[in-house]
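All remarks here apply to the structure that follows.
The values are calculated or read from the model by the stated rules, or taken from the named source; none is laboratory data. These numbers were taken from a predicted model, which means no experiment stands behind them. Positions of Cβ are backbone-derived with ideal geometry, glycine not excepted, and every protein chain shown enters the neighbour counts. Accessible surface areas use protein heavy atoms only, side chains included; no ligands, DNA or RNA. Shrake-Rupley method; radii C 1.70, N 1.55, O 1.52, S 1.80 Å.
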Amino acid sequence: MTQIKAFIFDMDGVLTETNVQHYEAWKILGDEIGIEINPSFNERLKGISRMASLNEILTFGGKQEDYTQAEKEQLATKKNDNYVKMIASMTPDHLFEGVKELFKQLKERNIKIAIGSASKNAPKLVKYLGIEEDIHYIVDANEIEKGKPAPDTFLAAAQAFGLKPEECIGVEDATAGVQAIKSAGMFAIGIGEPQVLSQADTVYKETKDINLEEILTRDNVLVV
Ligand code: B16
Ligand code: MG
């Protein structure tokens, strides 16, 4: 029996939705470099880093060899500048339903709360969403060498709290993210469709559906 001491939440698709803005910003960049992306292709970009997303787009357009690393950095910065402008209008109203209540339940149980997002803009989003005071630790995506599906993002949060992976639960909406949680050796809560997130230990359709009692009383995760 392991006592759960921390929850590590992904941001996009778990606490709020920034997928629309990411897509819009990539679409603008794609149009500029002659690669037309569509919503179905965009699904591949969920949960992966900015540079990994750009590489996916370039490969999709058959232009993976056309740019130097320095040029790619410039393209990624251009996309990010647009994205940052787009999310600047976000407010606490954009926080998904049920998140505040879940945070409250976790706090009552002295369970720490971390953000384990692939986004380098996570601190900005935490501020816009008005949840700064609820979050004990934000993983700095700039410091993560191997992004999701590698376990590093989730392990960084556990390490910051001085906890073992089995004392942490990760929450993710992307397959790459669920893979990251599982390879970190943590219990994985998926948000979305069970068929898509088949590697997760349990899946809820939306964040508001998470039943903390149900999770913490499972045989493999028991709060004592
Ligand atoms: P940035 P998450 C991810 O957020 C997004 O799902 C993904 O589309 C994006 O490329 C990535 O953050 C990096 O974001 O460009 O802001 O650093 O789901 O890991 O919270
Ligand atoms: Mg996500």
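Quick notes
- Taken as a whole, the structure places Gln64 among residues that are open to solvent by 60 Å² or more (accessible area, probe 1.4 Å), outside any helix (DSSP H, G or I) and outside the structural domain of Ala174 (by TED's automatic domain parsing).
- Residue among Lys78, Lys104 that is in the same structural domain as Ala141 (by TED's automatic domain parsing) and assigned to a helix (DSSP H, G or I): Lys104
- Ala25 being touching a residue at least 60 places away in the same chain (Cβ under 8 Å) and either near ligand 2 (Cβ under 10 Å from one of its atoms) or in the same structural domain as Ile113 (by TED's automatic domain parsing) (or both): no
- Filtering segment 44-55 for residues that are over 24 Å from Gly130 (Cβ atoms), within 16 Å of ligand 2 (Cβ to nearest atom), open to solvent by 50 Å² or more (accessible area, probe 1.4 Å) and assigned to a helix (DSSP H, G or I) leaves a non-empty set.
- Any hit, segment 158-166, residues being among the aromatic types (Phe, Trp, Tyr), farther than 23 Å from Arg50 by Cα, in contact with a Cys (Cβ under 9 Å, 6 or more places away or on another chain) and more than 16 Å from ligand 2 (Cβ to nearest atom): yes
- Taking the criterion of being closer than 21 Å to Thr18 by Cβ, of a type in the set (A, V, I, L, M, F, W, C) and open to solvent by 10 Å² or more (accessible area, probe 1.4 Å), the residues of segment 157-193 that qualify are Ala176, Ile191.
Table: residues versus (1) more than 21 Å from Lys46 (Cα to Cα); (2) modelled with pLDDT of 95 or more; (3) within 13 Å of the chain's Cα centre (by Cα); (4) of a type outside the set (Phe, Trp, Tyr).
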position: Glu145; (1), (2), (3), (4): no, no, no, yes
position: Ala156; (1), (2), (3), (4): no, yes, no, yes
position: Ile189; (1), (2), (3), (4): no, yes, yes, yes
position: Ala200; (1), (2), (3), (4): no, yes, no, yes
position: Asn220; (1), (2), (3), (4): yes, no, no, yes
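- When segment 90-134 is filtered for residues that are more than 13 Å from ligand 1 (Cβ to nearest atom) and among the β-branched types (Val, Ile, Thr), the ones remaining, listed by number, are Thr91, Val99, Ile111, Ile113, Ile131.
- The C-beta contact set for segment 112-127 (first residue closer than 7 Å to Ile138 by Cβ, second residue within 6 Å of ligand 1 (Cβ to nearest atom), distance under 7 angstrom, 6+ apart or interchain) comprises Ile115/Met11; Ala122/Met11; Ala122/Ala141.
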